[in-house]
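*Asks:* My questions will all concern the structure given below.
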Amino acid sequence: MSPDLHTASGSPATVEADAVVIGVLAADGPRLAPGSAEVDEAFDGGLAALLAVAGATGKADEVVKIPTRGTITAPLLVAVGLGTGEVTPEQVRRASGAAARALAGTGHAVSTLGRIDLAAAAEGSLLGAYTFTEYRTNGNGKAPVGKVSLLSDAADAETVVRTAAAVGAAVRTARDLVNTPPNDLYPAVFADRAKALAEAVGITVEILDDAQLAEGGFGGVTGVGQGSSRKPRLVRLSYAGGPSPRAKVALVGKGITFDTGGISIKPAAGMDQMTSDMGGAAAVIATTVLAATLELPVAVTATVPMAENMPSDTAYRPGDVLRMYGGKTVEVLNTDAEGRLILADAIVRAAEDDPDYLIETSTLTGAQLVALGQRTMGVMGSDEFRDRVAAQARACGEDGWAMPLLDHMRPELDSRVADIANVTGARFGGMLVAGVFLREFVPAGLPWAHLDIAGPSFHTGGPYGYTVKGGTGVPVRTLLAVLQDIAANG
Ligand code: BES
Ligand code: MN
Ligand code: ZN
């Protein structure tokens, strides 16, 4: 359940609520963040000193709870760390998320973080309060915070919170899709869920089934999907961008609902994480629906290939040559490099609509984790647009770094029989090789970006900020930021 999100004005010292949240900065000891003045006055100006006694330092992710015993109306004060330095929106988002997690089981909380950055505080609350309990039969754990009132005196507060709530909902949708297990979320079901989400906001949906994919010449999706009894799909969602769209953006996302590796089977240890191999698809579906909800003046089309990569007597094999959509041939040397095969079809299909920009995102390589770790997406593509997307990823707090597509790697993909092979003979630069492969299917001159989200889309560690275990919803907020940037600047 999503917490009920509101904006409110008035004093946090006299508001009726179960808890009041304030921010604490880490300076030389804890320092009260802006927005907490009335609460400090109720404590006779001694709140920072009191928090220091309770062990507060103001560092990020720190939560200190103090019973108020009538000093303020609410019985509980929750002091959340904002970290050091100038307070950025991401610091507010994370602190708000940490507070929301600590408020599980609470009915109504009032947060002064809205006075620092209302949108960030709202997004952090919704994302930090996220839980996925569909498969818990014992009601395990406390319910998420029921209602959060964000204090703000801004004239446009209602609008800001409404927008943030839509963003939060889109990220939560992407998380839900990723967290749904692969026995229940397979291509046909995934396609139906995308359709339901799209129809709810009145955007166009087209779904190609396995027969139509084979008939239509989608050799990549057909090849990868043929080993499973759960047949592949290609989903297309189109949002027209209102009366006068500024530009046309094509989104493409990898939708492998489970990746065993196929005949080139993966080791059993850790294979369960391959339930998240549709994180790119989840993000582009959620973002396209979000663009419609926010009525962005940009036309957005999502092209989403969905398949389950299984070993079986009908599976594609190492040595097979696939004829991709558009006619290029690919020699399959490793059936575990399946993402690039379904994406190649989807990229060629997406480019047929003549978009101004193409952004593709995928849990494409383990090499992304080796190169950049678990929290930073690798951003590749055409130079200028790649840098623009990487900058947006950092600005929105999702974090991305530009990586090169090195020309000398292309001959390493030369095939004995086909136009190109799907892997090289070595594991070096694996993230970049995958990008070099995809580049072969992007029309020359089209500004494009490839976001490898293998690590950042699925969180395996303990919770921090607004990030909890499982699907993170990355890169929904980056994609939104890019769409907004295109809406504003073309
Ligand atoms: N889905 C995986 C990549 C992946 C690995 C995502 C770890 C998330 C966490 C992808 O299909 C894959 O198997 N890639 C191979 C490519 C290799 C065969 C060239 C890999 O990274 O090992
Ligand atoms: Mn694979
Ligand atoms: Zn995969």
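*Asks:* Rounded to whole Hz and in sequence order, give me ³J(HN,Hα) for region 203-212 from the Karplus expression 6.51 cos²θ - 1.76 cosθ + 1.60, θ = phi - 60°, writing x for Gly and Pro.
*Replies:* Values per residue, Gly and Pro as x: 10, 6, 10, 9, 10, 9, 8, 4, 5, 5 Hz.
*Asks:* Could you tell me how many degrees, from 0 to 90 and to the nearest 10, lie between the Cα long axis of helix 89-102 and the main elongation axis, the longest principal axis, of the Cα atoms of the chain?
*Replies:* Helix 89-102 sits at roughly 70 degrees to that axis.
*Asks:* Which whole-number percent gives the relative contact order of region 168-489, counting Cα pairs below 8 Å spaced six or more residues apart?
*Replies:* Numbers: 807 pairs, mean separation 71.6, N = 322.
Over region 168-489, the number comes to 22 percent.
*Asks:* Can you give me the angle between helix 383-395 and the longest principal axis of the chain, using Cα atoms only, in degrees from 0 to 90, rounded to the nearest 10?
*Replies:* So the inclination is approximately 30 degrees.
*Asks:* Can you give me the long-range amide H partners of Q226? Hydrogens built in the peptide plane at 1.01 Å from N, cutoff under 5 Å, separation of 5 or more residues or another chain.
*Replies:* Y316
*Asks:* Compare R394, R115, R323 by solvent-accessible area with a 1.4 Å probe and give them largest first, with all protein chains kept in place.
*Replies:* On the way: R394 105, R115 80, R323 160 Å².
Output order, biggest surface exposure first: R323, R394, R115.
*Asks:* Can you give the direction-averaged projected area of the convex hull of the alpha-carbon atoms in region 4-129, in nm²? If you can, show how the numbers build up before the last one.
*Replies:* Values: hull surface 26.1 nm².
Averaging across all directions leaves 6.5 nm² for the Cα convex hull.
*Asks:* Additional query: Suppose each label sits 7 Å from its Cα in the direction of the beta carbon; what would the N334-Q212 distance come out to in nanometres?
*Replies:* My value for the distance between the label points is 3.4 nm.
*Asks:* Here's another thing I want to ask about it. Taking the Cα centre of the chain as origin, work out the dipole magnitude from +1 charges on Lys and Arg Cβ and -1 charges on Asp and Glu Cβ, in debye rounded to 20.
*Replies:* 680
*Asks:* Let me ask something additional. Of all beta bridges DSSP finds with both residues in the chain, what is the antiparallel percent, to the nearest 5?
*Replies:* For the chain, the DSSP antiparallel bridge percentage is about 40.
*Asks:* What list of whole percents do you get for P(r) of region 168-489, with Cα-Cα distances grouped in 10 Å bins up to the one holding the largest distance?
*Replies:* For region 168-489, the pair-distance distribution reads 6, 31, 39, 21, 3, 0.
*Asks:* What are the ³J(HN,Hα) couplings of region 465-477, residue after residue, when phi is run through the Karplus curve with 6.51, -1.76, 1.60 and θ = phi - 60°? Round to Hz, x for glycine and proline.
*Replies:* Residue by residue, region 465-477 yields x, 9, 9, 10, 4, x, x, 9, x, 5, x, 4, 5 Hz.
*Asks:* With each run of n ≥ 4 DSSP H residues scored as -39500 (n - 2.57), what mean residue ellipticity at 222 nm is computed for the chain after dividing by its residue count and rounding to the nearest 500 deg cm²/dmol?
*Replies:* The per-residue figure over the chain is -10000 deg cm²/dmol.
*Asks:* If we sort 194-207, 68-81 on the protection proxy, mean other Cβ atoms within 10 Å, highest first, what's the order?
*Replies:* 68-81, 194-207
*Asks:* Within the set K65/K142; K231/K328; K266/K469; K248/K469; K142/K195; K59/K142, which residue pairs have Cα atoms separated by over 29 Å?
*Replies:* K248/K469; K142/K195
*Asks:* When the Karplus curve 6.51 cos²θ - 1.76 cosθ + 1.60 is applied with θ = phi - 60°, which whole-Hz ³J(HN,Hα) does each residue of region 185-201 get, with x for Gly and Pro?
*Replies:* Result, rounded to whole Hz: 10, 10, x, 5, 5, 4, 4, 5, 5, 4, 5, 5, 5, 5, 5, 5, 10.
*Asks:* Let me ask something else. Report the extension gain between A240 and R394 in nm, rounded to one decimal, defined as 0.36 nm multiplied by the number of residues separating them, less their alpha carbon distance.
*Replies:* So the chain would gain 52.7 nm between A240 and R394.
*Asks:* Still on this structure: What figure in square angstrom, to the nearest 10, would you give for the accessible area of T222 with a 1.4 Å probe?
*Replies:* 40
*Asks:* While we're here: When only Cα pairs under 8 Å and 6 or more residues apart are kept, what is the percent relative contact order across region 4-129?
*Replies:* 30
*Asks:* How far is helix 430-439 tilted off the main Cα axis of the chain, in degrees rounded to 10, range 0 to 90?
*Replies:* 60
The values are calculated or read from the model by the stated rules, or taken from the named source; none is laboratory data. Fair warning: this is a prediction, and the values are worked out from it, not measured in the lab. As a convention, Cβ positions derive from the backbone with ideal geometry for all residues, glycine included, and neighbour counts pool all protein chains shown. For accessibility, only protein heavy atoms count, side chains too; no ligands or nucleic acids. Shrake-Rupley method; radii C 1.70, N 1.55, O 1.52, S 1.80 Å.
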